[in-house]
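K.L.:
Quick one: the structure is below, and I'll ask about it shortly.
The values are calculated or read from the model by the stated rules, or taken from the named source; none is laboratory data. Being a predicted model, the structure only gives us computed values, none of them experimental. Every residue, glycine among them, receives a Cβ derived from its backbone with ideal geometry; neighbour counts consider all protein chains shown.
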Amino acid sequence: MTINLSNGTIITSEQDGILTIRFDRPEKKNALNRAMYSALADELERADRTDSIRVILLTGSQDCFSSGNDLADFIMAPPEGTDSPVFRFLTAISTARKPLVAAVNGTAVGVGVTMLLHCDLVYAAAGATFQMPFVSLGLCPEAGSTLLLPRMMGHQRAAELLLMGESFGAGTAREVGIVNQVCKDGELMAIARAKAEQLAAQPAASVRLAKALLKRDYGAELQETIAEEGRLFLDRLGSPEAAEALKAFMEKRKPDFSRFS
């Protein structure tokens, strides 16, 4: 099944208890816009309601997983309230009862990385790259990453990835705990699919229960963090630093933040 959207495309298919969701907007490096966030939220919510769906598999197109938020779309119509598409998506992925598997087949930037923190199993192609450049864009981290990353890898490593905003490879992503396994580029989807099938063959109720117990001690705190990050992210969208970063990006030059304190 293909979900065609006015400004982007999400492709979904269901087979053997696995709902596969593929980002398919290659001309924009799979940047997520409002329509895509809405469709993703709809599919994740539907998966939770559908008994025949036992596992959700997220992936991208060709050599790109997702380059993150479509900032132009975000600035043109910033989210208003928790029922906006992006917050619906973050709520859906962070509270999903079914196991989430991700196959990262190229570039993952911004929310393309932070959504992985809500997945249960993550597999990456050897050539995949990761980056969380929120601070470099004059913004702030999102999707609960300021809670989840330090829990996963410790403060110093999380601070380096979030404050510096530099790109890192699949090996580093595995070392710090974002990725379970680095795969040969041509074997990624086969391995991720096999793991999803293995999960789908497990007792579904036991899988859901184990996942819920794994997240039990921080679930409420995670939702509070997502909400606070979202509020601050929206504030930062209107900041002089964010304006300078966006202008520099459009002009293909390095931003100058020296005049801002």
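K.L.:
Of all residues in segment 145-175, how many are surrounded by fewer than 16 Cβ atoms within 10 Å (Cβ to Cβ), touching a helix residue (DSSP H, G or I) at 6+ places or on another chain (Cβ under 6 Å) and among the aliphatic types (A, V, I, L, M)?
P.N.:
The number of residues fulfilling the criteria is 1.
K.L.:
Identify all residues within segment 17-49 that are more than 26 Å from Gln202 (Cβ to Cβ), in contact (Cβ under 8 Å) with a residue 12 or more places away in the chain and of a type in the set (Asp, Glu); write none if there are none.
P.N.:
Of everything in segment 17-49, just one residue is more than 26 Å from Gln202 (Cβ to Cβ), in contact (Cβ under 8 Å) with a residue 12 or more places away in the chain and of a type in the set (Asp, Glu), namely Asp24.
K.L.:
Also: Report the residue count in segment 121-162 for those that are closer than 23 Å to Asp185 by Cβ, under 15 Å from the mean Cα position of the chain (by Cα) and touching a residue at least 60 places away in the same chain (Cβ under 8 Å).
P.N.:
Within segment 121-162, residues that are closer than 23 Å to Asp185 by Cβ, under 15 Å from the mean Cα position of the chain (by Cα) and touching a residue at least 60 places away in the same chain (Cβ under 8 Å) number 4.
K.L.:
Now, a different point. Within segment 134-153, which residues are assigned to a loop (DSSP other than H, G, I, E, B), under 19 Å from Arg88 (Cα atoms) and out of contact with any Phe, Trp or Tyr (no Cβ under 6 Å at 6 or more places or on another chain)?
P.N.:
Ala143, Gly144 - these are the residues of segment 134-153 that are assigned to a loop (DSSP other than H, G, I, E, B), under 19 Å from Arg88 (Cα atoms) and out of contact with any Phe, Trp or Tyr (no Cβ under 6 Å at 6 or more places or on another chain).
K.L.:
Just to be sure I understand, how many residues within segment 94-118 are under 18 Å from Ser167 (Cα atoms) and either more than 8 Å from the chain's Cα centre (by Cα) or of a type in the set (Gly, Ala, Ser) (or both)?
P.N.:
So the answer is 8.
K.L.:
In addition: When residues of segment 125-151 are filtered for being over 26 Å from Leu246 (Cβ atoms) and not aliphatic (A, V, I, L, M), how many remain?
P.N.:
3
K.L.:
Next question, about the same structure. Ser145 versus (1) more than 28 Å from Glu45 (Cβ to Cβ); (2) modelled with pLDDT of 95 or more: which is the lone unmet condition?
P.N.:
Condition (1) is where Ser145 drops out.
K.L.:
Report the residue count in segment 243-261 for those that are exposed (fewer than 14 other Cβ atoms within 10 Å of the Cβ) and either of a type in the set (Gly, Ala, Ser) or under 19 Å from Ser145 (Cβ atoms) (or both).
P.N.:
2
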